[in-house]
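These notes are about the structure you will find just below.
The values are calculated or read from the model by the stated rules, or taken from the named source; none is laboratory data. Model, not experiment: these values are computed from the prediction. A quick note on method: Cβ atoms are made from the backbone with ideal geometry, for glycine too, and the neighbour counts reach across all protein chains shown.
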Amino acid sequence: MTVSDISKRPQFFAQDNVYMPHIAVIEKIIEETPGVRTFHFNFKDKKLAKEFRFESGQFGQYSVFGLGEATFCISSSPTRPDHLEFAVQKVGRVTNAMHRLGVGAEIGFRGPYGNSFPLNALKGQNLVFVGGGIGLAPLRSLIWNVIDNRDKYKKIDIVYGARTPADLCFRYDLEAWDKDKTINMVTTIDREAEGWTGKVGMVPKVLEEVAPSAKDAVAIVCGPPIMIRFTFPVLEKLGFKPAQMITTLEKRMKCGIGKCGRCNIGDVYVCRDGPVFSYEQIKDFVSSEY
Amino acid sequence: MMEKKLRQEAKALLEQKRVDWIVGFESGSLKFTTTPLITRNVADTERLVINPFITNNLANFLTEIEGRVGIVAKGCESRSIVSLIQDNKVDREDLVILAVPCPGIIDLAKIERLVGKDRDELDDITRDGDKVSVKVDGKKKDFAVADVLFDHCLACELPTPTEYDILLGEPRQPTPDLKVSGQNIAGLKALTSAERWTKWQDEMSRCIRCYACRNVCPACFCERCFVEETEPQWVMPMPQWPDNLIFQVIRNIHVAGRCTDCGECERVCPVNIPLRSLTREMYDIVDELFKFKSGMDKDALPLMVHYEQEEAEEFFK
Amino acid sequence: MAKKISKKDIAQLLKTWSQQFTVLAPSRASGVAEMAEWDGKDTSFLDWYRNTTVPPKASFLPPMEEMFRFRKGEEGYQVEPPSSNGQRQLLFGIRPCDARAMAILDMTFEDAYKDPYYLEKRKNTVLVSLGCTNPCESCFCTSMGTGPTDASNVDIMLIDIGDGFLIEEVTDKGKELVTQTKGLKAAPKSDEAAAEKSRETSYNKVVRQLDTKGIKDKLLASFDDEEFWEQTAAKCISCGICTLLCPTCYCFDINDETDKGEGTRFRSWDSCGFSVYTKMPMENPRSEKWRRVRQKVCHKYEFYPMAFDVIACTGCGRCIRLCPVNWDITQVIESVPTKVKGAK
């Protein structure tokens with residue numbers, strides 16, 4: 001794997017120091033599920049708020065000052081830049097602190113970091129989005145990006161699932177995509193639940209049932225590692241080649257810029273050279289770690 | 001002689017499938033050094049050694065090896081093994097203990113200080129009874145064992161395991177010299193409280209939080225150490241002296257009643273912090289308060305997890 | 001015309017240099033051998049054979065370092081960079097293995113995003129090396145692209161010629177410093193010959209050898225060989241000694257400390273050897289020890305070469321000497337099987 005060139009990426013450094021965060025203000029909070037919240041925010045610096053650019057798939061390092069930083073993708077689409085969004089599942093010290101923040105609270109933001117979904121490779125292709133749980137967050141940035149440039153892409157299949165109906169995130173998106181006649185929206189939950197009339201079954205299994213064609217298609221997969229592990233073989237069975245499968249890797253991150261070593265896998269840093277990878281790129285190392 | 005017997009026994013244990021693993025010592029890649037040998041191969045048993053440099057406490061590996069283990073045990077190892085058995089971390093039936101009556105292990109750091117040279121420049125170190133001969137620049141220098149053995153060896157109360165399956169040599173009686181081995185602690189106790197506080201600030205400023213002291217300790221077998229906890233964050237994971245000091249203090253309290261004063265923590269510290277001053281003091285406090293010496297009786301209950309109706313201690317009544 | 005300095009004049013030289021630099025030299029005063037601010041008189045380190053226990057990387061990537069301060073005022077949060085005094089440093093007595101390690105670290109801290117803290121310190125530091133005269137049995141620098149008197153990565157190199165040192169001016173920075181330094185004598189041709197002999201003698205004293213030919217591909221082919229890695233990792237105790245004290249290791253952690261709305265973000269040394277290093281809330285890809293040991297070996301001998309064409313190891317020998325269980329990287333590298341990829 002070769003190290004990617006960051007010179008073409010949008011770069012916004014606070015005070016010319018790559019580690020210092022910008023100050024941002026939370027504008028809106030959405031309870032996606034009991035453990036997941038979406039935060040809408042904007043930079044305090046109005047000039048930065050106007051000039052800030054990012055690409056779908058990129059992430060930021062968000063600070064709760066005094067407690068630390070955590071990594072989240074930017075879940076809003078670059079085509080809708082009036083505010084930025086990220087989704088947080090509360091699982092530890094920093095994320096719990098984030099869930100205690102209210103509208104108007106100040107956070108730090110460093111970014112945008114990472115590479116992005118290869119839009120050029122997706123243009124003119126049929127797109128199959130496969131997501132699980134909060135894994136829909138990076139995907140939704142790309143999906144809205146695609147919808148806002150609809151004529152550049154062909155068919156869209158979205159297979160998304162969660163453990164239970166209460167765990168489904170971004171329900172407002174699922175409804176909008178369901179209504180969109182140019183999208184085949186399949187939502188599923190792992191096991192039967194009272195009141196649920198939709199599909200039942202784990203995402204990889206439902207994907208196999210939906211059986212999207214691999215011809216002129218690209219699959220973009222995001223979700224818990226175990227879901228990804230079982231989705232790749234299904235896609236292979238459907239005829240997708242490794243280069244036709246794209247995913248975002250999740251690894252513990254601290255610096256976000258390929259220095260602290262934590263997200264190193266093979267000769268790349270997931271934060272700097274990813275998080276978007278094709279299965280082709282990672283199959284040598286991923287088999288042992290994912 | 002012990003070495004030959006050890007190799008034969010270990011080989012037989014593996015060949016007869018009485019154990020799955022042999023854990024012992026083999027020659028290290030540096031002079032005057034040994035390294036743990038953990039193997040399932042019969043052929044590897046030929047490399048087992050017993051010499052004055054078998055420093056490690058092999059009991060440390062028992063909590064992570066699955067299966068039956070034939071383990072070489074000096075006195076200190078056997079006490080750690082017994083302590084692990086008391087805590088149900090290891091089953092006695094899964095062990096074949098090959099007991100090595102230990103005359104004490106040579107502390108290379110002491111020799112380097114006394115001779116004034118790095119170990120690389122020493123030609124040979126041999127032990128002959130109460131004497132240790134160091135050959136350097138073609139000349140021989142003799143030292144009394146009391147000057148060159150590890151402090152914890154000088155204080156040893158159990159050189160020969162009492163819990164074992166195979167005894168590899170003549171049992172040795174304990175001859176602890178608490179005065180010589182306790183000099184560091186005596187020195188600390190002679191300081192005023194303020195002087196001691198400054199001294200520990202100084203010592204702890206060097207700590208780089210490598211956690212070798214914790215990881216080499218058989219008594220530290222927690223799957224998730226308190227320093228790894230973030231909710232709440234008991235200790236900052238950064239090497240500043242207050243956090244370093246708190247880490248050591250809490251670690252000592254956590255291993256009280258399990259620490260057998262094997263001295264490994266102090267030996268492995270790369271920045272020379274006198275950790276045994278803390279662990280031995282805790283060991284003595286435990287003995288004083290609870291009349292308990294860790295790792296002596298495999299059927300005894302672990303000290304800190306049981307309560308006697310008739311507590312001997314005044315402070316508890 | 002080369003210059004020289006006698007050993008008894010070193011103290012005066014350091015005093016002279018202390019007027020324009022903060023001079024750091026090897027010292028045991030703190031209780032461990034490390035680079036410390038020169039105390040004004042001690043030159044006993046000139047007789048040391050071994051390199052310092054704490055590597056000189058600590059002067060550029062300290063065990064704990066302030067990244068910035070933050071404060072909550074009436075207008076909300078403010079972040080301020082730490083005040084840098086821009087003070088120039090001179091590291092005296094750095095060994096060639098450690099100097100090469102700095103060059104290896106530079107590749108990471110300069111690559112893509114520039115690390116401001118590390119690079120500023122590097123820019124403001126002059127490296128004056130003492131060539132080794134008595135390599136230790138743990139040293140294997142000559143197998144790792146450097147040697148006991150390798151001047152490639154320093155500004156000034158001092159070669160031991162008995163009663164003094166021959167001064168090699170390596171970089172422009174070094175030449176400039178030597179030119180403006182008073183008290184240095186001209187070295188006769190015989191000294192240059194003595195220095196050449198000294199270099200050769202030191203080189204030949206390095207006993208430990210390691211053949212790294214093809215190691216990158218061997219490691220790639222053995223990546224999934226769980227049995228090999230389990231065996232290799234068996235006696236490792238997952239402490240951080242080999243990595244924290246390795247001059248080419250650079251992993252760090254980032255933490256905030258705060259008190260009543262005011263605080264600091266720090267970075268501090270971290271290690272891929274720790275069991276919680278890659279721990280995430282839902283899973284830990286390297287909870288098993290053999291995966292961590294594999295990561296360490298492969299990062300240094302396979303991944304870093306893939307990215308930068310250089311093995312991230314300079315043969316300084318610290319890891320071998322300081323490891324609590326004498327786990328030896330040279331033995332491990334020698335034992336990596338030669339496989340055809342895909343064959344089991």
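Of the listed requirements (1) at negative phi; (2) in the same structural domain as B:Phe25 (by TED's automatic domain parsing); (3) under 22 Å from the mean Cα position of the chain (by Cα); (4) without any contact (Cβ under 8 Å) to a residue 40 or more places away in the chain, B:Asn88 misses just one: (1).
Taking into account only those residues within the stretch C:56-115 that are more than 14 Å from chain A (Cβ to nearest Cβ) and assigned to a loop (DSSP other than H, G, I, E, B), which is surrounded by the most Cβ atoms within 10 Å (Cβ to Cβ)? Result: C:Arg95.
Note on the stretch B:203-219: residues that are farther than 22 Å from C:Cys319 by Cβ and either of a type in the set (Gly, Ala, Ser) or in contact with a helix residue (DSSP H, G or I) (Cβ under 8 Å, 6 or more places away or on another chain) (or both) total 4. Any residue at all in the stretch B:272-280 that's small (Gly, Ala, Ser), under 28 Å from B:Leu178 (Cβ atoms), away from chain C (no Cβ under 11 Å) and not in a loop (DSSP other than H, G, I, E, B)? Scanning the stretch B:272-280, I find at least one residue that is small (Gly, Ala, Ser), under 28 Å from B:Leu178 (Cβ atoms), away from chain C (no Cβ under 11 Å) and not in a loop (DSSP other than H, G, I, E, B), so the answer is yes.
Output yes when any residue across the stretch B:207-216 is within 22 Å of B:Thr160 (Cα to Cα), out of contact with any Cys (no Cβ under 6 Å at 6 or more places or on another chain), among the hydrophobic types (A, V, I, L, M, F, W, C) and touching a residue at least 24 places away in the same chain (Cβ under 8 Å), and no when none is. Yes, the conditions are met somewhere in the stretch B:207-216. Scanning the stretch B:33-51 for residues that are surrounded by fewer than 22 Cβ atoms within 10 Å (Cβ to Cβ), more than 10 Å from chain C (Cβ to nearest Cβ) and either in contact (Cβ under 8 Å) with a residue 12 or more places away in the chain or of a type in the set (S, T, N, Q) (or both) yields B:Val42, B:Asp44, B:Glu46, B:Arg47, B:Val49, B:Asn51.
Answer with yes or no whether B:Arg214 is within 13 Å of chain C (Cβ to nearest Cβ) and out of contact with any strand residue (DSSP E or B) (no Cβ under 6 Å at 6 or more places or on another chain). Working first, answer last.
On the way: within 13 Å of chain C (Cβ to nearest Cβ): yes; out of contact with any strand residue (DSSP E or B) (no Cβ under 6 Å at 6 or more places or on another chain): yes.
For B:Arg214, the condition - within 13 Å of chain C (Cβ to nearest Cβ) and out of contact with any strand residue (DSSP E or B) (no Cβ under 6 Å at 6 or more places or on another chain) - is met.
Just a yes or no: is a residue in the stretch C:231-249 in the same structural domain as C:Met107 (by TED's automatic domain parsing), polar (S, T, N, Q) and assigned to a helix (DSSP H, G or I)? The answer is no; no qualifying residue exists. With respect to the conditions (1) free of Cβ contacts under 8 Å to residues at least 12 places away in the same chain; (2) crowded, with 16+ Cβ neighbours inside 10 Å; (3) of a type outside the set (Lys, Arg), A:Ile6 falls short on a single one, namely (1). Hey, any hits in the stretch A:109-121 for a residue that's farther than 17 Å from A:Ser76 by Cα, buried (at least 24 other Cβ atoms within 10 Å of the Cβ) and more than 14 Å from chain C (Cβ to nearest Cβ)? No - not one qualifying residue is present in the stretch A:109-121.
Screening A:Cys169 on (1) assigned to a loop (DSSP other than H, G, I, E, B); (2) crowded, with 17+ Cβ neighbours inside 10 Å; (3) out of contact with any Leu (no Cβ under 8 Å at 6 or more places or on another chain) shows it passes everything except condition (3). Against the conditions (1) part of a loop (DSSP other than H, G, I, E, B); (2) more than 27 Å from A:Ser278 (Cα to Cα), A:Lys28 satisfies every one except (1).
Look at (1) in contact with a Leu (Cβ under 8 Å, 6 or more places away or on another chain); (2) within 12 Å of another protein chain (Cβ to nearest Cβ); (3) of a type in the set (Gly, Ala, Ser) and you find that B:Ala59 fails only one, number (2). Does the stretch B:278-296 contain any residue that is acidic (Asp, Glu) and closer than 27 Å to B:Glu64 by Cα? No - not one qualifying residue is present in the stretch B:278-296. Selection over the stretch A:197-228 of residues that are small (Gly, Ala, Ser) and either closer than 12 Å to A:Gly161 by Cα or outside the structural domain of A:Ile158 (by TED's automatic domain parsing) (or both) gives a count of 3. Cβ separations smaller than 8 Å between residues 6+ apart or across chains give the following pairs from the stretch C:90-107 residues that are free of Cβ contacts under 8 Å to residues at least 24 places away in the same chain to residues that are of a type outside the set (Gly, Ala, Ser) and surrounded by fewer than 24 Cβ atoms within 10 Å (Cβ to Cβ): C:Asp106/C:Arg122.
Matching residues to (1) buried (at least 21 other Cβ atoms within 10 Å of the Cβ); (2) under 16 Å from A:Ile134 (Cα atoms):
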| position | (1), (2) |
| --- | --- |
| A:Lys47 | no, no |
| A:Glu51 | no, no |
| A:Phe54 | yes, no |
| A:Val64 | yes, no |
| A:Phe72 | yes, yes |
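For the stretch B:116-153, filtered to residues that are on the phi > 0 side of the Ramachandran plot and in contact with a strand residue (DSSP E or B) (Cβ under 9 Å, 6 or more places away or on another chain), the residue that is surrounded by the fewest Cβ atoms within 10 Å (Cβ to Cβ) is B:Gly138. Scanning the stretch C:241-258 for residues that are more than 7 Å from every other protein chain (Cβ to nearest Cβ) and more than 17 Å from C:Thr108 (Cα to Cα) returns a single hit, C:Cys242.
Summed over the stretch A:1-44, the residues that are more than 17 Å from A:Ala105 (Cβ to Cβ), within 14 Å of chain C (Cβ to nearest Cβ) and either at pLDDT 90 or above or touching a helix residue (DSSP H, G or I) at 6+ places or on another chain (Cβ under 8 Å) (or both) give a count of 12. Where residues in the stretch A:231-290 are among the charged types (D, E, K, R) and more than 10 Å from chain C (Cβ to nearest Cβ), which of them is farthest from the chain's Cα centre (by Cα)? So, considering only residues that are among the charged types (D, E, K, R) and more than 10 Å from chain C (Cβ to nearest Cβ), the one farthest from the chain's Cα centre (by Cα) is A:Lys237. Can B:Thr192 be described as of a type in the set (Val, Ile, Thr), surrounded by 19 or more Cβ atoms within 10 Å (Cβ to Cβ), more than 14 Å from chain C (Cβ to nearest Cβ) and on the phi < 0 side of the Ramachandran plot? In short, no.
Residues that are in a strand (DSSP E or B), on the phi < 0 side of the Ramachandran plot and among the polar types (S, T, N, Q): does the stretch B:36-51 have at least one?
Taking the stretch B:36-51 first, the residues in a strand (DSSP E or B) are B:36-39, B:48.
Adding the requirement that they be on the phi < 0 side of the Ramachandran plot leaves B:36-39, B:48.
Next, from what is left, pick out any that are among the polar types (S, T, N, Q): B:39.
Looking through the stretch B:36-51, at least one residue is in a strand (DSSP E or B), on the phi < 0 side of the Ramachandran plot and among the polar types (S, T, N, Q).
Does A:Lys90 qualify as being of a type in the set (D, E, K, R) and without any contact (Cβ under 8 Å) to a residue 60 or more places away in the chain? Outline the logic, then answer.
Numbers: of a type in the set (D, E, K, R): yes; without any contact (Cβ under 8 Å) to a residue 60 or more places away in the chain: yes.
For A:Lys90, the condition - of a type in the set (D, E, K, R) and without any contact (Cβ under 8 Å) to a residue 60 or more places away in the chain - is met.
Within the stretch C:32-50, residues that are within 14 Å of chain B (Cβ to nearest Cβ) have Cβ atoms under 8 Å from residues that are among the hydroxyl-bearing types (Ser, Thr, Tyr) and part of a helix (DSSP H, G or I) in these pairs: C:Met35/C:Ser59, counting only partners at least 6 apart in sequence or on another chain. Only one entry of A:Lys181, A:Lys205 meets the criterion of being part of a loop (DSSP other than H, G, I, E, B), away from every other protein chain (no Cβ under 14 Å), more than 27 Å from A:Phe13 (Cα to Cα) and of a type in the set (Lys, Arg), and that entry is A:Lys181.
Of the listed requirements (1) outside any loop (DSSP other than H, G, I, E, B); (2) at the interface with chain C (Cβ under 10 Å from one of its Cβ atoms); (3) within 20 Å of the chain's Cα centre (by Cα), B:Asp202 misses just one: (3).
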